[in-house]
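Take a look at the structure below.
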Number of protein chains: 2
Amino acid sequence: MDDASFPTAGAADATSQTERVIASLREMVLRGDFRPGERLAELTLVPRLGASRTPVRLALDRLAHEGLLEPLPSGGFRIREFAIADIWDAIEVRGVLEGTAARLAAERLTDADDLSRLQQCCRDIERLDSSNAADVARYVEIHDRFQEELGRLAKSDILVRTIESVVGLTFAVSVSSVLGDAESSERSQTALIALEYHRAIVDAIEHRQGTRAEDLAREYSRMARRNLVRAAQDKERFRHVPGASLIRMPAGHSSR
Amino acid sequence: MDDASFPTAGAADATSQTERVIASLREMVLRGDFRPGERLAELTLVPRLGASRTPVRLALDRLAHEGLLEPLPSGGFRIREFAIADIWDAIEVRGVLEGTAARLAAERLTDADDLSRLQQCCRDIERLDSSNAADVARYVEIHDRFQEELGRLAKSDILVRTIESVVGLTFAVSVSSVLGDAESSERSQTALIALEYHRAIVDAIEHRQGTRAEDLAREYSRMARRNLVRAAQDKERFRHVPGASLIRMPAGHSSR
DNA sequence: GCGGGGCGCATTGTATACAATCCAGGCGTC
DNA sequence: GACGCCTGGATTGTATACAATGCGCCCCGC
C-alpha cells in the first residue's frame, strides 16, 4: 500500500510511462504546482512530464476519477478546489469505512492467530519514542500496516477498494496530523491515546464485538479529524502538507 | 460479420465516441457477452464496438476502475468474476454509506422544508399498487430519487461520489430484488415494510436522530441483501438480472 | 457605440502507425 | 527424451498525425 501518503519520489522507477506520468502529475498537483480551478491543457503538460499526449491523457482521466481533477463540460479537466469541509467529510467517510472493516473483521474472525499481525503493530507502536520526531514517520507506516491488515481480516475486496478510493482525498493529513503537528508533550499524550485505540480495536475484534470495534475505529479517525482543524490553524506549517494548496482557506468559517 | 448485432441499443445517443463505447462495453459485460475470467483483447473489441483502439482502451480503463474488469500484471484486462459474497459485501458497503448519508442529513438539517422531497417520495410509494407488476419499476425510480435526495441533504460531495463508486457493483439486484422477484402476496408485504422504512428514515432525520437514521438505512439495505440470496435461488429468473453472468454460482443449491 | 456574426486559433477527441514486450511453439543439443 | 534457447507472432504501450469542435477576438453593420 504505497498510496500517496507522502510526496515520495517513487515516481522515478515506474515500469510504464503511464504509471510514471500518473505519479508525477499527482505529485505536482498535490505539491501545488497549479492553482485550484486552473485548467490543465494536455499540451502544456507534455513537455513538463516528458511523455506524449497519450499517457498524459490517461493520467488526467485517472486523477479525475481519484477526485483531484474535475472534468469540464466542454472537455478537458481543471484542478479541483476543496473546502476544509470536504476534507473533513473525506476523513469521516474513511473512518466509517475503516469502522466497517473493523466490524467485519470481528464478525468474520475464525482463528485467533489471525490477530497476530495486528498485535505486532501494537507492540511496534509501543516501542516508539514519541519524543523522537523521526518516529512519527514510522508510526505512520505502522498505522498503514494496521489498516491494511484490518482490510485483510474484513475479507472483502470491495470494501478495501472503496477505502482506497477515499484515502487519496484525505491528503495524508489524517495520519500525519495525528502526531506530526503537535508539541512534544502533547504528542506523547496523543501517541498514548492512539496506542490505546489500537489495542482496544484488537481486543474488540478478538471478542467478536463488532459494534464496539466499529465505533472505536470511527472515533479514532475523528481524533485525526479534530487535529486537522488545529493543524490548519498553523498555516505556515500546513503549507507543507501535500495537497494543502488545493484547500480553500475560509476567512472565518468555524466548524460546520 | 453481421453488422446488425451492434450493441447500440441503449447507448445510441452519446455525445462522444468514448462515452458511447464505455456504455456499450459496460452493457455487453453486464449482459454476459463475455465469460468471467476471459481476457479482453483490444483489437477484438474494435470491430464489435465500431471505434478505434483509443476510445476502446479508455473504456477498458474506466470499467477496470469501476470494478467490472481487473487489470492483468502483464497488461490488458480480463472480466472479473464475482462470488455471491462479493455482491453481498457490495450491498453491505452501500448500506453503510447510505446510512452515513442519512445520519449526516439528520445532523446537518437546517430547514424542515428541505424534507419535502423525501416526503413526496413517501407519498409516491404510498400511491403505488403493489399488486401491479409495472409499478415495481416505478418503485425503483422513486427509491433512486429518495437516495439521491438523501445524498443532497448529506451535503457531502465526497460521500455521494463514494456511494456512486459502489452502486455499480450491486448490479441493481439490491433494488429490483426488493420487490421484483417475490410472489404477489409477499410483494405487497415487502412494499409495506419498505414504505415504513422510508417514513421512519424521514422521521428520524426530521428529529435529528442521526444514529437512528443511520441504522434504519443500513437495515433497509439488508432487506434487499437478504432478498438477493432468495432471488439467486430462482436461477432461471436470475439470469436476466444485469451482471448475473459475472457471478460464480455455488455448486448446487446447498448453502442454507 | 454597441451588438451580432463570422473567421481563425487553440485544444480536445479520434485514428493509426510504430516500438516494445510477452508468450508459445519448435528445434537443437545434452 | 527432456530441457533450454531462439525465433515468430500477437498484443499492449507509446507517439504522432488528423479531424472536429468550441472559444475568443475582430470586424462589419446598424
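The values are calculated or read from the model by the stated rules, or taken from the named source; none is laboratory data. Keep in mind that what you see is a predicted model, and the values were worked out from it rather than measured. Positions of Cβ are generated from backbone atoms using ideal geometry, with glycine treated the same way; all protein chains shown enter the neighbour counts. We work out accessible area using only protein heavy atoms, side chains counted, and drop any ligands, DNA or RNA first. Shrake-Rupley method; radii C 1.70, N 1.55, O 1.52, S 1.80 Å.
Under the rule of -39500 (n - 2.57) per DSSP H run of 4 or more residues, summed and divided by the residues of chain B, what mean residue ellipticity at 222 nm is obtained, to the nearest 500 deg cm²/dmol?
Taken over chain B, the calculation gives -21000 deg cm²/dmol.
Defining the label point at 7 Å along Cα→Cβ, can you sort the distances from residue A:141 to the same site in each other copy, shortest first, in nm?
Residue A:141 label point versus its equivalents elsewhere: 5.7 nm.
What accessible area, summed over both chains, is buried at the A-B interface (1.4 Å probe, Å², nearest 100)?
Answer for the A-B pair: about 2600 Å² buried.
In peptide B:94-102, what is the residue-averaged number of other protein chain Cβ atoms found within 10 Å of each Cβ?
3
Can you tell me the equivalent ellipsoid semi-axes for chain B? Use √(5λ) from the Cα gyration tensor, largest first, whole Å.
35, 22, 18
Report relative contact order for chain B in percent, whole number only (criteria: Cα-Cα under 8 Å, sequence separation at least 6).
26 percent
If you wrap a convex hull around the C-alpha atoms of segment B:16-80 and split its volume per residue, what is the figure in Å³?
Cα convex hull per residue, to the nearest whole number: 74 Å³.
Defining the label point at 7 Å along Cα→Cβ, can you sort the distances from residue B:236 to the same site in each other copy, shortest first, in nm?
Distances to the matching label points in the other copies: 7.7 nm.
Tell me the distances, shortest first, between residue B:129 and the same position across the other copies, using label points 7 Å along Cα→Cβ, in nm to one decimal.
Result for residue B:129, in nm, nearest copy first: 8.0.
Mean projection of the alpha-carbon convex hull of segment A:52-147 over all orientations, in nm²?
Details: hull surface 42.3 nm².
Taking the Cα atoms of segment A:52-147, their convex hull projects to 10.6 nm² on average.
Counting only protein heavy atoms, what percent of the accessible surface of segment B:83-248 is carbon or sulfur at a 1.4 Å probe?
Taking all protein chains in place, segment B:83-248 shows 49 percent carbon and sulfur surface.
Place +1 on the Cβ of every Lys and Arg and -1 on the Cβ of every Asp and Glu in chain B, take the dipole about the Cα centre, and give the residue among B:52, B:100, B:211 whose Cα lies farthest towards its positive end.
Towards the positive end, the residue furthest out is B:52.
State the antiparallel share, in %, of DSSP beta bridges confined to the protein assembly as shown, rounding to the nearest 5.
Taking every DSSP beta bridge with both residues in the protein assembly as shown, the antiparallel ones total about 70 percent.
What is the magnitude of the charge dipole of segment A:17-80 about its Cα centre, with +1 placed on the Cβ of each Lys and Arg, -1 on the Cβ of each Asp and Glu, and no other charges, expressed in debye to the nearest 20?
About 100 debye.
Highest mean first, what order results for A:135-142, B:18-25 on Cβ atoms within 10 Å?
Numbers: A:135-142: 17.8, B:18-25: 21.5.
Ranking the peptides A:135-142, B:18-25 by packing returns B:18-25, A:135-142.
Compute the accessible area per residue over segment B:83-248, keeping the other protein chains in place, probe 1.4 Å, unit Å².
44 Å²
Where Lys and Arg each count +1 and Asp and Glu each count -1, what net charge lies around residue B:148 among other residues with Cβ under 15 Å from its Cβ?
Residues near residue B:148 contribute -2 overall.
What percent of all Cα-Cα pairs in the protein assembly as shown falls in each 20 Å bin, counting up from 0?
20, 54, 25, 1
Using alpha carbons only, how many degrees (0 to 90, rounded to 10) separate the axis of helix A:84-107 from the longest principal axis of chain A?
40 degrees
So what's the net charge close to residue A:71: Lys and Arg +1, Asp and Glu -1, counting the other residues with Cβ under 9 Å from its Cβ?
-1
What do you get for the angle between helix B:116-127 and the principal long axis of chain B? Use alpha-carbon atoms, 0 to 90 degrees, nearest ten.
Roughly 80 degrees between the two axes.
Could you tell me how many degrees, from 0 to 90 and to the nearest 10, lie between the Cα long axis of helix B:134-154 and the main elongation axis, the longest principal axis, of the Cα atoms of chain B?
80 degrees
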